[in-house]
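Read-outs throughout are calculated quantities, based only on the coordinates presented, and are distinct from any laboratory measurement. Bear in mind that the values here come from a model prediction, so they are computed numbers and not experimental data. Reconstructed Cβ throughout: ideal geometry from the backbone, glycine too, with neighbour counts over all protein chains shown.
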Amino acid sequence: MLNVDFSLLILNIFAAKKSMKLKDLCEDERPREKMMRKGTGALSNAELLAVLLRTGTGGKNVIEVAREVLKEGDSRLRCVADMSIDRLCRISGIGPGKAVAVAAAFELGRRVESEASAGDALQIDGPKKVYRLMLPRMRELGHEECWVLFLNRANRLIGQEMVSSGAQDVTLIDKRMILRRALEKSASAVIVVHNHPSGNPLPSVDDIEQTRELGKALKSCGLQLVDHVIVSGKSYYSFSDERVEGQ
């Protein structure tokens, strides 16, 4: 009887430790307090996520929930950053509010990186600058997105906008939308950018045809299609560099 009672005691202690709430942790282990004392660099990835999530759920404290999020992303922050809000919500302990907070934080990070790249890319003088500007946003995407850079007469960047988001190997260049947005922004020229998640930057037949059609539509309104750049991992393809007929 003593052995049975002792075993139950051990199990109860283990269960209590497993479901320990964040307030039960010593102050040195609480991520927000640790960040305030030691700075953001002192926190692990799980602890930084825990700051965003704020609270745990059920039998898990917030750090344990954060570890579940990292586990879902194969312990890679870039995989977590690429998760949709719906996918985040499927993780135990993550509701819409927490999912939105995580997604917003990663989007802010992408924008900071884009702004840093844009510092010397404000004047677009070639496809390499386009590649550097858009790589932070596109390098980890598992689907194709089409973005447009709007330029003034001096080829200075006056705006950038996503115009379509497609499947894994398909993107749509919506020439009517691009033309309308260019006129609204009083742009003189545009550059189209889309990604190839496959790793192969070479354009498809559809890419070539859609680029030609867009170039004609812009030209009819006195606008110029400066380039169409395909971003793919560590490389890119420039229609302008390759002098594709009809560009």
If contacts are Cα pairs under 8 angstrom and at least 6 residues apart, what is the relative contact order of the range 18-111 in percent?
23 percent
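Within a 10 angstrom radius of the beta carbon, how do Ser92, Ser232 rank from fewest other beta carbons to most?
The most exposed by this proxy come first: Ser92, Ser232.
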Considering the dipole of the range 120-242 built from charges on the beta carbon (Lys and Arg +1, Asp and Glu -1) around the Cα centre, which of Ile191, Ser240, Leu157 is farthest to its positive end?
Leu157
Note down the net charge around Arg90, summing +1 for each Lys or Arg and -1 for each Asp or Glu among other residues with Cβ under 15 Å from its Cβ.
-1
Quick one: putting +1 on the C-beta of Lys and Arg, -1 on the C-beta of Asp and Glu, what dipole do you get for the range 18-111 around its Cα centre, in Debye to the nearest 20?
100 debye
What does the charge add up to near Thr40, with Lys and Arg as +1, Asp and Glu as -1, over the other residues with Cβ less than 12 Å from its Cβ?
+3
What's the ranking of 175-184, 146-155, 38-47, 130-139 by average number of surrounding C-beta atoms within 10 Å, highest first?
130-139, 146-155, 175-184, 38-47
Distance between the range 129-167 and the range 71-109 - C-alpha centres, whole angstrom
23 Å
If I stretch the segment between Lys185 and Lys216 completely, what's the gain in nm (0.36 nm per residue apart, minus their alpha carbon distance), one decimal?
9.2 nm
Gyration tensor on Cα atoms of the range 18-111, a ≥ b ≥ c root eigenvalues, a/c under 1.5 rounded, else prolate if a/b beats b/c, else oblate, says oblate
What is the sum of charges, Lys and Arg at +1 and Asp and Glu at -1, for the other residues whose Cβ falls under 12 Å from the Cβ of Asn155?
+1
